[in-house]
1. For the chain, I need the span (max minus min coordinate) of the C-alpha atoms along each principal axis, in Å, sorted largest to smallest.
2. So what is the calculated 222 nm ellipticity per residue for the chain, using -39500 (n - 2.57) for each DSSP H run with n of 4 or more, over all residues, to the nearest 500 deg cm²/dmol?
3. Among the GluC sites (Glu not before Pro) within region 125-192, which fall in a DSSP loop and have no more than 11 other Cβ atoms within 10 Å of their own Cβ?
4. Return the lysines within reach of Lys171: Cα separation strictly under 17 angstrom, same-chain partners fewer than 8 residues apart disregarded; answer none if there are no such residues.
5. Rounding to the nearest 20 debye, state how big the charge dipole of the chain is about its Cα centre with +1 on each Lys and Arg Cβ and -1 on each Asp and Glu Cβ.
6. Could you size up the charge dipole of region 66-135 around its Cα centre, putting +1 on the beta carbon of Lys and Arg and -1 on that of Asp and Glu, and report it in debye to the nearest 20?
7. Take the chain, connect every pair of alpha-carbon atoms lying under 10 Å apart with a spring to form a Gaussian network, then pick out the residue of Ser98, Ser79, Ser64 with the largest mean-square fluctuation.
8. Only sites in a loop by DSSP and with at most 11 other Cβ atoms within 10 Å count here; which GluC sites (Glu not before Pro) in region 1-99 make the cut?
Amino acid sequence: MVATRNEHKLRELREILEPRLELVPLPDDVELPPEDAETFEGNALGKARAAHAATGMPAIADDSGIAARALDGRPGPRSARYAGPNATDEENLNLLLSELADKEDRSVAYVAALAYVDSDGNEHVVEGRCEGRLAEVPRGTGGFGYDPAFVPLDTGPGDHRTMAELDPEEKHAISHRGRAARELAELLESRW
């Protein structure tokens with residue numbers, strides 16, 4: 001089971017992991033804890049533990065976001081709520097763009113922690129990173145969150161497309177969530 005209410009994350013994890021792993025959505029009656037840990041790992045583990053405790057099923061949970069070097073790693077684990085508790089993706093992105101507007105260093109990294117709690121309560125956490133820079137103006141219609149301004153370094157020095165301009169297969173091959181998901185899948189397959 002995937003401990004998320006974020007349809008974008010569930011879809012991405014399914015695109016990356018299925019058919020290797022069958023991912024079941026979180027039941028509507030399961031309450032997840034607030035994402036108030038200081039790390040991506042802490043937030044992911046909290047959600048996976050809560051889902052496992054409520055259902056007894058193995059659970060996967062993700063916490064991910066963007067970290068700007070010039071802002072000492074902010075927004076970090078607060079990426080989804082950077083502009084406030086009910087902020088939209090656009091509001092969060094606009095705040096980050098405004099905070100980096102006068103900064104010479106526009107280096108950013110996407111970070112994803114995936115936590116897995118198995119049926120016996122054993123815990124595993126993997127992390128994926130994707131380095132990039134923040135574009136000055138959002139571009140593209142794919143992806144979600146900060147994707148319209150995140151220019152990944154992995155596509156090469158001459159490629160200035162944002163994550164929102166990549167097709168899903170290209171994005172999953174280099175994304176933070178794609179890397180973490182593949183590492184988790186390998187870990188789980190080695191245990192089986």
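1. 50, 32, 25
2. Details: 5 runs with 62 residues, N = 192.
Rounded to the nearest 500, it is -10000 deg cm²/dmol.
3. Working: sites: Glu127, Glu131, Glu136, Glu165, Glu169, Glu170, Glu183, Glu186, Glu189; in loops: Glu136.
Answer in residue order: Glu136.
4. Lys9
5. Values: 22 positive and 38 negative charges, 30 e Å.
About 140 debye.
6. On the way: 8 positive and 13 negative charges, 48 e Å.
That gives region 66-135 a dipole magnitude of about 240 debye.
7. Most flexible of the set in this elastic network: Ser98.
8. Numbers: sites: Glu7, Glu12, Glu15, Glu22, Glu31, Glu35, Glu38, Glu41, Glu90, Glu91, Glu99; in loops: Glu22, Glu31, Glu35, Glu38.
In loop regions of region 1-99 (DSSP not H, G, I, E or B), the sparsely surrounded GluC sites (Glu not before Pro) are Glu22, Glu31, Glu38.
Every number in this text was worked out from the coordinates using simple rules, so none of it is lab data. Note that the structure is a prediction, hence the values are computed from the model and not measured. We place every Cβ from the backbone using ideal geometry, glycine too, and count neighbours over all the protein chains shown.
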